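Report on one structure; see the data block that follows.
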Amino acid sequence: MKLNAPALLIWLLFSTALVVTAWAQSDENATIINIAQAQSPETFLNGYRAAVSGQTITYHSSHPDAEVALIARVRREMSSIAWETTTLSASP
């Protein structure tokens, strides 16, 4: 059987895609995240209090207080963001 170059190229690309897909879905490549809550929720700080600089976008979220987000893009106009966190209290 004689294969022409375009058919061989298509077969190689298809075979490679199948192998990569199967490899990516294997359990040995799984990302495992273990979260242990070492402190009570009352001791956590709010990571965001106010925007200092950056571009904002509005979006729909299941969280009632999350409607606006700071966004940094890979463009000259707005390549960074900055925000304030909650003030630390003196007592532990």
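The values are calculated or read from the model by the stated rules, or taken from the named source; none is laboratory data. From a predicted model like this one, the values you see are computed outputs, not experimental measurements. Cβ atoms come from the backbone with ideal geometry, glycine included; neighbour counts cover every protein chain shown.
Beta carbons closer than 8 Å, at least 6 apart along the sequence or on distinct chains, pair a first residue in the stretch 3-23 that is assigned to a helix (DSSP H, G or I) with a second that is modelled with pLDDT under 85 for Trp11/Leu3; Trp23/Asn29. Across the stretch 74-89, the qualifying residues are those that are part of a loop (DSSP other than H, G, I, E, B) and at pLDDT 80 or above, and the one among them that is farthest from Gly54 (Cα to Cα) is Thr87. Scanning the stretch 25-54 for residues that are among the polar types (S, T, N, Q) and either modelled with pLDDT of 85 or more or farther than 18 Å from Ile81 by Cα (or both) turns up Gln25, Ser26, Asn29, Thr31, Asn34, Gln37, Gln39, Ser40, Thr43, Ser53. Taking the stretch 1-24 as the range and being under 24 Å from the mean Cα position of the chain (by Cα) and at pLDDT 75 or above as the test, the residues that pass are Val20, Thr21.
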